[in-house]
Each structure stands twice: as structure tokens, then as C-alpha cells.
């Protein structure tokens, strides 16, 4: 049977947009290095399939890890636990991941390109889901607008191809929410099966699935409260009676899928492999000292209600969400800020997306003021989208985990679906005009940003060299720009010029051909850290490390820090042997003293570098400074007066640059 011309055109447009998205997302990563969590996700996923072992990275979603691992299985990369039994015994996923990518004879570029191609399909799934949902609500034109926004979103393009759990979790949350509402609206075996299956997939996508019970509960009572018949006591009791079987069925489905994902085995470590002394972090360190959460986690473990790895991952996520170093707008915190995600949304969203928010708010206000009879019906049709936005948005505002804009990726997909309302037949000419402007902005921004979607900020954030003043970590710099730094050094380094590197990531500078002295390292690639002498040369500093948000001496440079630094600097000049050796924050007194001096020395230097104009900014994520003898000597070794004069001079130069037309 021939396809009608109009339907064929729509099918062609949808196929084109999805294919364009997949190609753009995947190719934008080909010149990028491994992003921070990718090595752990990929190594763990491959171990799940080939070794039936689940000790690695259990806190970040079995489903996306398996998806990535499945993609590289035809390549048969080498992963041998017997070659490094002590790393496997400690469940050290970062060290094992380093070996898997760089030390086992595997090609990290091929592994990443292959697994990223597979992960890109989650972006395609997101676009297809958004289109189908939006078309059902607003018609074909609205569906195509929603799909275009999803396909061209810098946020989606940045995270869809990465070997992480964020895109997978966003798709599963939206699909599960929609399936549950569809069953409530029109119960049936097929719809119930879909809801149960998607709930199960959510449970192994990411621990954000813990919000599903709240989402389902709000949807259930919304559905009951908006039925045509009056809400009586008897009907309320009847509703609760219908809710209990749904709770049992969905909880059972989640349990079944979780156990299946972990091989229907309680123990995380596979038989025949090195025994697991612990799962990355010892169990007792993850438990609260007391309270209901401790009782729940202990019960889950003692009664083996869930697989060991899943329970451990849950405990890890709950513990990490209590306090985690974070940076935003010049501030550092371990418990975050309520405004972090709104701030990130405003700066990291494209102008097309921001215009959609404004236009939808205006359209909703107009319809509310008009008090049209169908407004209640409209809200009911939008219920699953609004509830997902509301519950997830509220959870984001109250979260202490403020380390990345990616954590609100699940809010973008329902927003894209709602955007189709701008082309609904009853929206009006102004709304259609906004839709046209959205399309134009989207095309311009998507094209201009390629291939640097991960470090995208809109113009509100200022020029590339100042973006690190707003957000860092997985909002800007996740270690992905090491290859770009290697290319810049090859073209711009002077003969015999020393290169100093402090890098935030898990990539290997040596693999990229970077010969550099690592100073103040976040990661030393498991080489013993020492205090390096700092001489004139090129200083390459990751944006995240420049803000030093994960250091124990982070924050503004104070008189107390300066005094401590001067005391340690004088001691080092008088007794250099006390600082000649391995440094560690957890070692003996000598190692801790050397560690504190090294951290304060870098914090002092970074306060100067934040004011100095960089020699280059590598895709907003790595800043390169060329430091001469006098300035490096003053920044890391001079007395307080000289250092203050250096800062004042740098500040005056920065102000002059900003004031220049």
C-alpha cells in the first residue's frame, strides 16, 4: 500500500532530523578525549557482559553501562582481572578503567567511538519519543517543532553520545511517566505491561528512578481527583484500593528487572575472580550513624532483598548526595544552593530554549486569563509532563548534589514536548511567530557551537575565558579537551619550553603526546605525587581545578591561608628535606605537611591566574598561561606584600581589558 504524500513527507522529515542529530552528536565527540565518568561506565558495562561481575561502578546505572559494553563486545578488548588482582579486590574502577583504556593494548579511540555511537541511540530515542508525544497533543507541526528542539539542543547533543547514564535516565523517566498515565487513562493489559517494563528499566537506568513513586502517586491522585464524578469518601477509599495492587505490581516489576540485570545473583563478585574486599567504598563508610536510612540499608543487605552491588550503589548515592564539593558563580559549598540548577539552566540553555520557556509561559497565562472551558481538559492532557517537571524540578531545587547541569537533563524532554503548543492551531499568530524565531535561533546556535556542545554557554555567560567563573565540572570541563590541548601545544609551544599541567580528568596526557610536568594534580595517574619546582613556562590548567572546588583549602584566599603558607614556605627554605618526598593528605605528619604546602601554593597561584589573561583557552575548558620568571617567582614564593602588588597589577590589567571597546 502506497504511503500518502503528506505522511511520507513527515516520515522523511522525522528521519532526517533524527539522523542529523545522531550524526552531529557522534561526530562532535570524535576529537574529544574521555570524559570523566566514561572510563568507569564502559569498563563496568563490559565486565557485566564478559565476566558476569558487578563490583565496578554500581551507583551509575546497569542499563546504560550494559548498553555501552555490548557495543564494544565485537571488538573483544582485553580486560583481565588476573593481571591486576589487587585493583579488582579493591573494586577500584578508576584504576581498572585506566588500565582497560590505556595499558592493555586496547585502542581508547576505537572503544570510545564505538560505544559513543551506541549511546547516541538514546538521543534518537529521546527525539522519537518527544515527536510522538508532541504530535499527539499538538499535531504534526507541533511534533516537528518539538523534535527539532530535541535534535538541536546543545544539552542533548552534548550528553546523548557520552558513555554515561544521564541521557538513558532522561528517556526512561519520560517514557515510564507517560506509560503509567496512559494506563490510568485507559487500563488494559498491554498498557499495564508497558508501564511495568518501563518502570523496571528506570530502576536500572539511574538512581533518579527513586523519584518515580512520587511521580506515580501524584499522577494517580490527579487522575482520581479530575474524574467527572464527585470525589466522595467512598470513592477515595476505592481509589486507594486500586492503588495498592499497582504499587505491588510496579515494585515487583522493578525487583525482577534489577535481579535480572545483576544475573540473579546476590554477590557482586563473580566466582573464580579475585575476591572483593569491598565495593570501591567500604560499606560502613556509606552508612549513616543512625536513623531510618541506616535501618533500611542494613535490612536490604542482611536480608539480601536486592543484589549486593545494587544495595551498595544505592548507599553510595544517598551518601554522596548529602555533601559534595561544588562551585557556582564564585562560591564554593559542600551542600549546594537552591539556585544552582535555575542558574545553570539560564546560562547553559540555548536562546531558542529560553525563548520557548518565555513563550509557553505567556501562552499559558493568556489561556488562564481567558478562562476558556477547555483549560481543565488541557491540564489533564499535560498531567504527566507537568508532574514530571514539578517533581523532578522540586527535587533538583532541594538537592545538595550541585556538580553538573547534566542532572536536570530530564527536565528538557518534557519542555520540548510542551513547546509543540506554539504551533497548535489555536495558539495564535504571535505564538507561531515565536516558533519561527525559535527555529531560526536553533539552527544558528547548533551550527555555531559544533563540535563543542559540552562546554556550551550562551552569551549571558560572557566570553569563553570567563565561563569558568560561572560553573565547572560536568557543566564545562569534564576532562574532554586533552586532545585539543595536545594539538595547541604542538602548534604553539616554543622550543624547549617547559610545560606544566594540572588536569581534571581520567585521560592520559602521555597517550595524547603531551610531555608535561604534572603539578597540583587532581589525579596523578597513580604515580606518587611530589612537590615539583615551578619555573617559567606554559601552565595548562583545567577550568575545574582552577576553581579548586574539590580541594580542602578551596574558597577565597584569606589572611589565615597566606600566613600558613608563609610559615610553611619559610620551613621549606630552611629544611628542604622535610618536603622532599611523597605528599599525602592521609600520610604521616611529614607527608601531610608537604601536602598542605603544595595545596596552598597552588591556591595562591590560581588566585593570580584567575586575574591574568590566558595565552589560550582550549574550548573553554583548559586555560593556558605563559608565565615569566618574575611573576611565577612572586606568585608561588614571594612575601605577602609582593604578592598583593602582583594581584593588584593583574586586576588593573583585567579591568582595562574589560573596559576596552
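The values are calculated or read from the model by the stated rules, or taken from the named source; none is laboratory data. Computed from a prediction, not measured in an experiment: that's the story for all the values here. Cβ placement follows ideal geometry from the backbone for every residue including glycine, while neighbour counts extend to all protein chains displayed.
A few remarks follow.
- Of the listed requirements (1) surrounded by 16 or more Cβ atoms within 10 Å (Cβ to Cβ); (2) farther than 22 Å from residue 341 by Cα; (3) touching a residue at least 24 places away in the same chain (Cβ under 8 Å), residue 385 misses just one: (2).
- Restricting the search to helices (runs of 4 or more DSSP H) fully inside region 245-326 and requiring at least 1 residues that are surrounded by fewer than 14 Cβ atoms within 10 Å (Cβ to Cβ) gives 283-286, 292-302.
- Within region 581-596, the set of residues being touching a residue at least 12 places away in the same chain (Cβ under 8 Å) and within 32 Å of the chain's Cα centre (by Cα) comprises 583, 584, 585, 595, 596.
- Residues satisfying the criterion are absent from region 68-78 (criterion: part of a helix (DSSP H, G or I), in contact (Cβ under 8 Å) with a residue 60 or more places away in the chain, surrounded by fewer than 21 Cβ atoms within 10 Å (Cβ to Cβ) and assigned by TED's automatic domain parsing to the domain that holds residue 98).
- Looking only at residues in region 540-564 that are crowded, with 24+ Cβ neighbours inside 10 Å and out of contact with any helix residue (DSSP H, G or I) (no Cβ under 7 Å at 6 or more places or on another chain), the one that is farthest from residue 493 (Cα to Cα) is 545.
- Only residues that are part of a loop (DSSP other than H, G, I, E, B), more than 21 Å from residue 262 (Cα to Cα) and within 18 Å of the chain's Cα centre (by Cα) were counted across region 18-67, and they come to 7.
- Between 149, 121, 137, the distinction of being assigned to a helix (DSSP H, G or I), closer than 17 Å to residue 415 by Cβ and either within 21 Å of the chain's Cα centre (by Cα) or not assigned by TED's automatic domain parsing to the domain that holds residue 209 (or both) belongs to 149 only.
- Test: residue in region 342-362 that is modelled with pLDDT under 95 and not in a helix (DSSP H, G or I): no
- Subset tally (residues that are surrounded by fewer than 18 Cβ atoms within 10 Å (Cβ to Cβ) and under 17 Å from residue 142 (Cα atoms)) for region 11-34: 5
- Total residues in region 456-479, condition touching a helix residue (DSSP H, G or I) at 6+ places or on another chain (Cβ under 7 Å) and on the phi < 0 side of the Ramachandran plot: 14
- Helices (runs of 4 or more DSSP H) wholly inside region 396-511 containing at least 2 residues that are surrounded by fewer than 16 Cβ atoms within 10 Å (Cβ to Cβ): 429-449, 482-492
- Within region 321-347, tally of residues that are on the phi > 0 side of the Ramachandran plot and in contact with a strand residue (DSSP E or B) (Cβ under 6 Å, 6 or more places away or on another chain): 1
- Of all residues in region 521-549, those satisfying the criterion of being more than 20 Å from residue 98 (Cβ to Cβ), within 29 Å of the chain's Cα centre (by Cα) and assigned to a loop (DSSP other than H, G, I, E, B) are 548, 549.
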